[in-house]
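Every read-out reported here was derived from the displayed coordinates using simple, explicitly stated rules and does not represent laboratory data. As the structure is a prediction and not an experimental result, all values here were calculated from the model. Cβ placement follows ideal geometry from the backbone for every residue including glycine, while neighbour counts extend to all protein chains displayed.
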Amino acid sequence: MKGVILAGGTGSRLRPITHTGPKQLVPIANKPVLEYALDDLKEAGITEVGIILGNKGRDEIQAYFGDGSDFGVDITYIVQGEPLGLAHAVGCARDFVGDDSFVVYLGDDLMREGITDLIKDFTSDEYAAGIGLQEVEEPSRYGIVDVNDTGDVIELVEKPEDPPNNLALIGVYVFTPAIFQQIEALEKSWRDEYEITEAIQGLLDDGNRIQSHVVHGWWKDTGKPEDVLHANRLVLDDIEPNVRGTIENDETVRGRVQLGEGSVIEENAVVRGPVSIGEDTVIKSGTYLGPYTSIGDSCIIDGVHIESSVVVGDSEISADRTIVDSLIGRQATITANHDKKPDGERLIVGQNSSLEL
């Protein structure tokens, strides 16, 4: 079985962070979102992976992942061009997958439990497709899947007023090549896109069986800044301590901390985990960091209180302020305006920005 990761989206909901880089490389606990998808595929035994790229950010994604050998997989890049919907993106993988069954994974999704059970349970002799589902609290806000007593899919309903259940589509699928015939027959929806749900419904209408698999543990779409911060919190909840840099005073560091090579937590800096700090970063004296905060590579954090936030990297923050629930892009500079009362700040800061607080 092969894997297909969809990474062609423009990331419009994550602007300004995605004005200068692809959303699939936004870090969660200092690892790009798309890398988690690769990890899940590899854990499930899938090492042949096609990554569907759009026009935006494809050079950066290819530069980061290369041929996949550093990540234990073999990557083939497939250019979608302009994003015309999930079904169009899946259709671009036809030559890559050939006659094999394949997994489709949205490149900006995170799942705690991975996809191993979904793949292991799928049998192409019986089913034309399998879809991942999760129970949700407000089913009328989601695409809902009606299933029978054996778990076979009966119908897909988009944001139903009267939901048949609370099982929502979560963006991971297993397909046989039968899906391509359905994609070819699609017309654009009211959103001017080719919808994967319509292709799956086409399989059902033609008499094919579709398997459902309920995914347990959390699942997170990282499409908006608040989603990135929430996902960062969820991932940090599970991290193990790993200190490869220097902590000058163990007494001021508490909880689970990951500290990259070449990084320093100075003597009078206070760090409260869970916290992830990248490589070659300095947490200077007088700083209070954490909990639930990720600081990327090559940063200088000086005299600021940062909590429940993500700093992408290559940034300098020296404002004597409290920054909470914030997403700060690469190469940002944040300094203090000493005429202002030091209240708490909530920020979304794009790349190469300079702020005075």
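Sort I283, I75 so the one with the fewest other Cβ atoms within 10 Å of its own Cβ comes first.
So the residues, fewest neighbours to most, are I75, I283.
Please state the relative contact order of the chain as a whole percent: Cα pairs under 8 Å, 6+ residues apart?
Here the relative contact order equals 13 percent.
Of G255, W219, F65, which is farthest towards the positive pole of the chain's charge dipole, taken about the Cα centre with +1 and -1 on the beta-carbons of Lys, Arg and Asp, Glu respectively?
My answer, from the dipole projection, is G255.
Take the chain, connect every pair of alpha-carbon atoms lying under 10 Å apart with a spring to form a Gaussian network, then pick out the residue of D125, D39, D146 with the largest mean-square fluctuation.
Judging by the Gaussian network model, the answer is D125.
To test your reading of the geometry: what angle, between 0 and 90 degrees and rounded to tens, separates the Cα axis of helix 225-236 from the longest principal axis of the chain?
Here the helix axis deviates by roughly 80 degrees.
Once you've got the Cα coordinates, tell me which of K42/K220; K42/K188; K220/K284; K56/K284; K120/K188 are over 31 Å apart.
K42/K188; K220/K284; K56/K284; K120/K188
What is the magnitude of the charge dipole of the chain about its Cα centre, with +1 placed on the Cβ of each Lys and Arg, -1 on the Cβ of each Asp and Glu, and no other charges, expressed in debye to the nearest 20?
Numbers: 29 positive and 64 negative charges, 197 e Å.
So the dipole magnitude of the chain works out to roughly 940 debye.
Where does each of Y173, Y288 land when they are ranked from fewest to most other beta-carbon atoms within 10 angstrom?
Values: Y173 25, Y288 17.
Lowest to highest Cβ neighbour count: Y288, Y173.
Taking the chain as the reference, fit the longest principal axis to its C-alpha atoms, fit the long axis of helix 196-205 to the helix C-alpha atoms, and give the angle between the two in degrees, 0 to 90, nearest 10.
Between helix and principal axis, roughly 20 degrees.
May I ask you to sort W190, W218 by Cβ crowding, counting other Cβ atoms within 10 Å and putting the fewest first?
W190, W218
Over what distance in Å are the Cα centres of the range 64-139 and the range 175-192 separated?
16 Å
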